[in-house]
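Structure, as structure tokens:
The values are calculated or read from the model by the stated rules, or taken from the named source; none is laboratory data. The structure presented is a predicted model; accordingly, all values stated were derived computationally and were not measured. FYI the Cβ positions are ideal-geometry reconstructions off the backbone, even for glycines, and counts take in every protein chain you see.
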Amino acid sequence: PDHFLLAEWDDPAIHRVGFHAGYDWEWYRALRAVARWSRQAADLSILLARRSRDFPEGAIPMRFVENHDEPRAPRRLGTAARGAELFAALAGGSFLVYNGQEIGARHRPDLFNRDPIGWQPPAASRFRARLRELLDFRRRVAGFSAPEAIGTNSPGELAVFRRRGPSGELVVLLNAGSSPIGWPPGLDAPRGDRLLAGVDEKVAEAWIPGDRIPARSAIGILSC
């Protein structure tokens, strides 16, 4: 199209009057509650699957962990922020990278005055590399199906969804709990390319599908 309409709202009706995309506020509010351990983590994957059924065909959900109305993800989501970012980015729809999120900025930008991104802080290059890796992984599953929620025996802490595509299958797991969780019984451990968030590099390099899922982390596995 020669235009693209994004609503900062969350209602099926906006798509029936011409909007292409809308913020997935319902999912974000659930994420905040999960990060505070006041809601079951499994609700996150259930909401993803339900939205694809309840909204008009072609409606694009905008998913995010940061925007101009909310504090930065580390402040709002605590240690679950990095895992939540991966979970949201791989869930389909569009994904918002908010001003400064690329470098792990902690302050809320000024909405009405120039507030340039500081590209030089020591950790900035590490944050950019991590986000670039996530977005590259996301591109590989563009066009995959809407998320399908997968039930587990740890619904309070663990959210899991699956997406299918012509080039393979994506499984994404989020452990929002404070302790590692065993691999979900009944879910085959897929072999393929994997991406972990919320853990240090040594843990990420050593982890293989079927291992325990580290606390406050998320894992994406793409099997071809």
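Cβ contacts < 6 Å: first residue within 20 Å of residue 123 (Cβ to Cβ) and at pLDDT below 95, restricted to the stretch 83-106; second residue β-branched (Val, Ile, Thr) and part of a loop (DSSP other than H, G, I, E, B), any location; separation 6+ or different chain. Result?
Here the result reads 100/117, each pair linking the stretch 83-106 to a residue that is β-branched (Val, Ile, Thr) and part of a loop (DSSP other than H, G, I, E, B).
Here's the yes/no breakdown for (1) hydroxyl-bearing (Ser, Thr, Tyr); (2) in contact with a helix residue (DSSP H, G or I) (Cβ under 7 Å, 6 or more places away or on another chain); (3) at pLDDT 95 or above:
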site: 21; (1), (2), (3): no, no, yes
site: 28; (1), (2), (3): yes, no, yes
site: 32; (1), (2), (3): no, yes, yes
site: 35; (1), (2), (3): no, yes, yes
site: 46; (1), (2), (3): no, no, yes
site: 57; (1), (2), (3): no, no, no
site: 79; (1), (2), (3): yes, no, yes
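Can we say residue 57 is in the same structural domain as residue 129 (by TED's automatic domain parsing), assigned to a helix (DSSP H, G or I) and more than 25 Å from residue 180 (Cα to Cα)?
Considered against the rule, which asks whether it is in the same structural domain as residue 129 (by TED's automatic domain parsing), assigned to a helix (DSSP H, G or I) and more than 25 Å from residue 180 (Cα to Cα), residue 57 comes out as no.
Of the residues 32, 138, only one is within 20 Å of residue 9 (Cβ to Cβ) and under 14 Å from the mean Cα position of the chain (by Cα); which?
Result of the check over 32, 138: 32.
Quick check on the stretch 80-90. Is at least one of its residues among the hydrophobic types (A, V, I, L, M, F, W, C), touching a Pro at 6+ places or on another chain (Cβ under 6 Å), surrounded by 22 or more Cβ atoms within 10 Å (Cβ to Cβ) and part of a helix (DSSP H, G or I)?
no
Report the residue count in the stretch 134-186 for those that are farther than 19 Å from residue 27 by Cα and among the acidic types (Asp, Glu).
2
Which numbered condition in (1) touching a strand residue (DSSP E or B) at 6+ places or on another chain (Cβ under 9 Å); (2) surrounded by fewer than 17 Cβ atoms within 10 Å (Cβ to Cβ) is the only one that residue 61 fails?
(2)
For every residue, the table says whether it meets (1) crowded, with 16+ Cβ neighbours inside 10 Å; (2) within 24 Å of residue 99 (Cα to Cα); (3) in contact with an Asp or Glu (Cβ under 6 Å, 6 or more places away or on another chain).
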{"residue": "112", "(1), (2), (3)": "no, yes, no"}
{"residue": "157", "(1), (2), (3)": "yes, no, no"}
{"residue": "164", "(1), (2), (3)": "no, no, no"}
{"residue": "172", "(1), (2), (3)": "yes, no, no"}
{"residue": "185", "(1), (2), (3)": "no, no, no"}
{"residue": "192", "(1), (2), (3)": "no, no, no"}
{"residue": "210", "(1), (2), (3)": "no, no, no"}
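Take the stretch 125-144 and flag every residue that is touching a Gly at 6+ places or on another chain (Cβ under 7 Å) and surrounded by 15 or more Cβ atoms within 10 Å (Cβ to Cβ).
Result: 127, 137, 141, 144.
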